[in-house]
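K.L.:
Below you will find the structure I want to go over with you.
The values are calculated or read from the model by the stated rules, or taken from the named source; none is laboratory data. Keep in mind that what you see is a predicted model, and the values were worked out from it rather than measured. Here the Cβ is made from the backbone with ideal geometry for all residues, glycine too, and neighbour counts use every protein chain on show.
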Amino acid sequence: KLCLFPQLLSGRYRDTQTSITDSSAVYRLSQDKSTSVTLIDLPGHESLRLQFLERFKAAARAIVFVVDSVAFQREVKDVAEFLYQVLVDSTVLRNAPALLIACNKQDVTMAKSAKLIQQQLEKELNTLRVTRSAAPTSLDGSATGGPAQLGKKGKDFDFSQLPMKVEFVECSARGSKGEEGEADLEGLEKWLVKVA
Amino acid sequence: VGFQKILTLTYVDKLIDDVHKEFRDKYRNEFQQKGALGLLNGTFDFKDDFMRLLRDAEESSKVRAPTVMKTFEQSLKSQKTVKCMIETRGEKPKEKVKNKKNKGSKKDGTEAVAVPSKASAADKQPSAAGDKEELTKDEILQKNREEFFRRHMKAGEKSRSPKPDAQKEKGKKPRVWDLGNSNAKVLDYSNSATNGSAEACPVEEFDPDMALGDKNREPGRLYDLEYESDDEGEEEKVVQNPSKPSVKKGGLGGMFGMLKGLVGSKSLTRDDMDPVLEKMKDHLIAKNVAAEIAVQLCESVAKKLEGKVMGTFTTVTSTVKQALQEALVQILQPQRRVDVLRDVMDAQRHRRPYVVTFCGVNGVGKSTNLAKISFWLIENGFSVLIAACDTFRAGAVEQLRTHTRRLNALHPPESHGGRTMVQLYEKGYGKDAAGIAMEAISYARNQGFDVVLVDTAGRMQDNAPLMTALAKLIAVNAPDLVLFVGEALVGNEAVDQLVKFNKALADHSMAQTPRLIDGIVLTKFDTIDDKVGAAISMTYITSKPIVFVGTGQTYCDLRSLNAKAVVAALMKA
């Protein structure tokens, strides 16, 4: 995520460290110089991600959920769980910001395609729906899964069932030619233009 | 930077501060003008500066040679001549005069130097080693007086220039007590001849400088008590808030100061927060949080808030409360996934049973909550095998048998496609618990059970042989989930229990990464109304999530933790 951030803003590749706080900057759209949006990058460390999500979810006009396409197979449960938490959050459901799932690290050969990632996530979220709603109710009576039921009850979970627009895009912060190459961010930038 | 405790580098904190300040000062303009883009686009050639700072820090921390004890020759005692230790009445006034003259010149020198300067932790003693001086009683008195003045003016001290002393003493010298040397005669200042007549008093040698102390003062002016730490403190605060361009204390004084305090842009100091934190700490302890945990929590909140600029119209109390609340929610919110059902499904796919072990001290509710959890699992369609590894307590096996019977009555095999949802695996009393557990798991694998719940005997954390036995059971059987069952009524004991249980599990495991407690079951939650502090203590110590909360003795009394509600109950007055 933090690699994408300067790439979008200035086109340069920077070395990054694991972030412990958010970073924000104003981004001018390449086509239309007059409109600008503020990009906010949140840390992904498991002890921090929920905290920062809480802080910024109300202000979000759109959410980019970045997925590591290479490590996806291993981490599919964690990814799905975090995505589930984003999707059932009452503020997010109310505002229904546009959601883009950016499958990053496509320059690596073993990266999964966006289609595959979408299928896997749908399956996993389907299972999570069941297990989360079956969890014991919380102490003061409110269900842990939230009163929101993700998607339609009878059918298998599908991203089209969500109230917000969800798109999948492949991108690469590093570019296929290594650090010096151009980052492959066209899909991301196009989507940003659409959203803005 | 690595963990300080592992590397034991004493200079790390100071180094970080120095680097922070230096970097900020050097690139201040870039940040201020360009903001985040400046960060991204600018090049920061800081490597040389960093290496220099690192070298300085390392050198400053080099181990100093252990201080050598003073030899006798160097000590003060050897410098005192026999002459000065002998008191003779007649010579006294002459000596006094002579010494005063000497003292006068020397004293002026030191006093001029004793101008108030920034106290930079100078701890030089006035009578440093190697100080060679003749010390009469009066000299000692004067020395003390000077020290007194010096301390009050917080001056940097200069060590006395050593005066050469020729005589060296041999033999035994009478001990000279600095302040206890006077006899009644010396203290008797009344002069029988002059009592009653004013003029006939002998004129005392009055040294005005000595009496007034400071040669450089303006006559007639009353100085304030110098209090330098305040200046340094303010400087620190300014240093710590570079990015907040808020309106700093300008030259406004007087009544505007009061308004300033209301309108904010005041930064928090430790002293402001201390009374509030004390109150919060007592409040937490009253809510059954373990005492050491409450102290540590308040400490960390204080550290986090130190130097923070408060917003407008917020009081110190509200800021501290807010920060404490956030910290508590952060503690209680599980960082790892707490989804047992998901993991059971995974194990199901791999055709092996999911093993859960319950451990805890006596009487916390292991068997009861085991039954509740098996009910919950059956409701979700998983078949359960209960392993009765409590082979000590009378009636343990019968208790589990009764639960099994009841659960089977509630969920008869007919409604689940013909298979019994819950079965009990027991081998009576007195046998080895680890062995029974192993047999139960292989039985479950053969019969196709989804979950195995292992019930162990309650044991005190101090009971070494029992703790070893538990550790062996867990190490040998490698369960998927080790749950520590703790009651919500426990107070400071919670800390001790958890620490000792974890320690025992770690010590007796042969593996590289020992299996420790993975989750906590908090039981008897219905018996405490809002004294929910045990939850905080337990999660703080282990940093593992609270997986289940038990709120009663029927099968439906199983809940999951709602972090916000618990924190709200905790912070409620």
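K.L.:
Only one of (1) buried (at least 16 other Cβ atoms within 10 Å of the Cβ); (2) under 30 Å from B:Tyr443 (Cα atoms); (3) away from chain A (no Cβ under 14 Å) is not met by B:Arg351, so which one is it?
P.N.:
For B:Arg351, the exception is condition (1).
K.L.:
Can you pull out every residue in the stretch B:442-466 that is of a type outside the set (Val, Ile, Thr) and surrounded by 17 or more Cβ atoms within 10 Å (Cβ to Cβ)?
P.N.:
The initial filter retains those residues of the stretch B:442-466 that are of a type outside the set (Val, Ile, Thr), namely B:442-450, B:453, B:455, B:457-466.
Result: B:Ala444, B:Phe449, B:Asp450, B:Leu453, B:Asp455, B:Ala457, B:Gly458, B:Arg459, B:Gln461, B:Leu466.
K.L.:
Looking only at the stretch B:506-521, decide whether some residue is within 14 Å of chain A (Cβ to nearest Cβ), at pLDDT 85 or above and not in a helix (DSSP H, G or I). Don't jump to the end; show me each part of the working.
P.N.:
If we filter the stretch B:506-521 for residues that are within 14 Å of chain A (Cβ to nearest Cβ), which is where we start, we get B:519, B:521.
Adding the requirement that they be at pLDDT 85 or above leaves B:519, B:521.
The next check asks that each one be not in a helix (DSSP H, G or I); those that pass are B:519, B:521.
Yes - at least one qualifying residue is present in the stretch B:506-521.
K.L.:
May I ask you to list the residues in the stretch A:1-28 that are part of a loop (DSSP other than H, G, I, E, B), farther than 23 Å from A:Gln106 by Cβ and either within 7 Å of chain B (Cβ to nearest Cβ) or under 17 Å from the mean Cα position of the chain (by Cα) (or both)?
P.N.:
Going through the stretch A:1-28, the residues part of a loop (DSSP other than H, G, I, E, B) turn out to be A:1-3, A:11-22.
Next cut, farther than 23 Å from A:Gln106 by Cβ only: A:20-22.
Residue satisfying the conditions is A:Asp22 alone.
K.L.:
How many residues, within the stretch B:299-315, are part of a helix (DSSP H, G or I), touching a Leu at 6+ places or on another chain (Cβ under 9 Å) and either closer than 13 Å to B:Ile331 by Cβ or polar (S, T, N, Q) (or both)?
P.N.:
Step one: filter the stretch B:299-315 for residues part of a helix (DSSP H, G or I), giving B:299-305.
Imposing the further condition that a residue be touching a Leu at 6+ places or on another chain (Cβ under 9 Å) reduces the set to B:299, B:301-302, B:305.
Those still in the list that are either closer than 13 Å to B:Ile331 by Cβ or polar (S, T, N, Q) (or both) too: B:301.
Going through the stretch B:299-315 one residue at a time, the tally reaches 1.
K.L.:
Being under 46 Å from the mean Cα position of the chain (by Cα) and among the basic types (Lys, Arg) is the filter here, so list the residues in the stretch B:364-406 that pass it.
P.N.:
The answer is B:Lys366, B:Lys372, B:Arg393.
K.L.:
Further question: With the requirement that a residue be small (Gly, Ala, Ser) and either part of a loop (DSSP other than H, G, I, E, B) or more than 22 Å from B:Asp343 (Cβ to Cβ) (or both), what does the stretch B:411-458 give you?
P.N.:
Filtering the stretch B:411-458 down to residues small (Gly, Ala, Ser) leaves B:415, B:417-418, B:428, B:430, B:433-435, B:437, B:440, B:442, B:444, B:448, B:457-458.
Of everything in the stretch B:411-458, those that are small (Gly, Ala, Ser) and either part of a loop (DSSP other than H, G, I, E, B) or more than 22 Å from B:Asp343 (Cβ to Cβ) (or both) turn out to be B:Ser415, B:Gly417, B:Gly418, B:Gly428, B:Gly430, B:Ala433, B:Ala434, B:Gly435, B:Gly448, B:Ala457, B:Gly458.
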